[in-house]
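The values are calculated or read from the model by the stated rules, or taken from the named source; none is laboratory data. Computed from a predicted model, the values in this text were never measured in an experiment. FYI the Cβ positions are ideal-geometry reconstructions off the backbone, even for glycines, and counts take in every protein chain you see. Please note that ligands, DNA and RNA were not included when accessible areas were found on the heavy atoms of the full protein model with its side chains. Shrake-Rupley method; radii C 1.70, N 1.55, O 1.52, S 1.80 Å.
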Amino acid sequence: MVYIFTAMYCEARALIEYFHLKKELNQTRFQVFSEEDGKILLTVMGTGMVSAAVAVSSICTAYGAGQEDFLVNVGVAAARSATDKMVLCNKIIDLPSGKTYYPDVLYRHPFLEGAVSTVLKPVMELSGQEGLFDMEAAAVYQAGAYFFAPHQMCFLKVASDHGIDFRKVTREQIEQILLSHVDEIAGFAMRLYDMGKRTVSSTPKVEGFQTLCHDLHCSKTMEELLWQHLRYCALAGVDVKPVIEALYREKKLPCKDKREGKVCFDELKQRLF
């Protein structure tokens, strides 16, 4: 299942209509909408970090989110230099705490990539700061991390204003902004669903996986990361064998130590994705 979370109903309406979602009448704390075949579950969280954290925790617990599922946070954001394009956030900055989170982007997608900063209240003046600003992404990530791995969480944001005064943006304008992107969001969500269905039964077919781990001097954490990357290559139909063989031909494998192994691992990821 793909768990979609939006802060406001006006951000959700286009997707509700696109997927013909029906309201879950047994859910009274949040507005929850589901798709007949059980592929999509959309929740309107409410604005702010507390509402976001409670909604994600409550819904994922109630519906039993697992390793074959994905979380997608969709919404508008303030920006000094606005773009009409949807941004897939590969970096989330929690401005109140100073912490930074990095969702893993392991798959091809049609979006720009960029960062979003989460703030405690609506942004009125951005004072020259670049990037996107919202009020929920950091909380969604932190709560979602109890149920999903970093590669299972996606954050799609589009600028709703130019940082002048967020209060001037109307619900109708937000609906239109999301409506203009609904096809690409929905298409991406369904690709995630299809990938999730194959995840449980799919394993990377790499000869000598343990030898590769040894030659990279993998720690246990690094070995698990390598396994995840190779699994997604298998799902995406990427042939990893020529890439690994090239690293051996170039004498970058085997590595001398863990430090060299980490550098080689980063290069392996770049070549694969």
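The table below gives the values:
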quantity: Close pairs from the range 226-243: first within 16 Å of LEU192 (Cβ to Cβ) and in a loop (DSSP other than H, G, I, E, B), partner among the aromatic types (Phe, Trp, Tyr) and open to solvent by 10 Å² or more (accessible area, probe 1.4 Å), Cβ under 9 Å, at least 6 apart; calculated: none
quantity: Residues located in the range 162-189, provided they are open to solvent by less than 80 Å² (accessible area, probe 1.4 Å), at pLDDT below 95 and over 14 Å from GLU11 (Cβ atoms); calculated: GLY163, ASP165
quantity: Near pairs, Cβ below 7 angstrom, 6+ apart or cross-chain, from the range 1-21 (over 19 Å from GLY38 (Cβ atoms) and in a helix (DSSP H, G or I)) to any residue that is open to solvent by 10 Å² or more (accessible area, probe 1.4 Å) and acidic (Asp, Glu); calculated: CYS10/GLU175; ARG13/GLU175; ALA14/GLU175
quantity: Search result, residues across the range 22-40 that are more than 21 Å from the chain's Cα centre (by Cα) and part of a strand (DSSP E or B); calculated: LYS22, LYS23, GLN31
quantity: Selection from the range 254-273 of residues that are hydrophobic (A, V, I, L, M, F, W, C) and either open to solvent by 90 Å² or more (accessible area, probe 1.4 Å) or part of a helix (DSSP H, G or I) (or both); calculated: VAL263, CYS264, PHE265, LEU268, LEU272, PHE273
quantity: Test: ALA65 is open to solvent by 10 Å² or more (accessible area, probe 1.4 Å) and closer than 18 Å to GLN142 by Cβ; calculated: yes
quantity: Selected residue (criterion: farthest from VAL105 (Cα to Cα)) from residues of the range 210-226 that are under 21 Å from the mean Cα position of the chain (by Cα) and surrounded by 16 or more Cβ atoms within 10 Å (Cβ to Cβ); calculated: MET222
quantity: Single unsatisfied condition, THR43 versus (1) β-branched (Val, Ile, Thr); (2) open to solvent by 30 Å² or more (accessible area, probe 1.4 Å); (3) in a strand (DSSP E or B); calculated: (2)
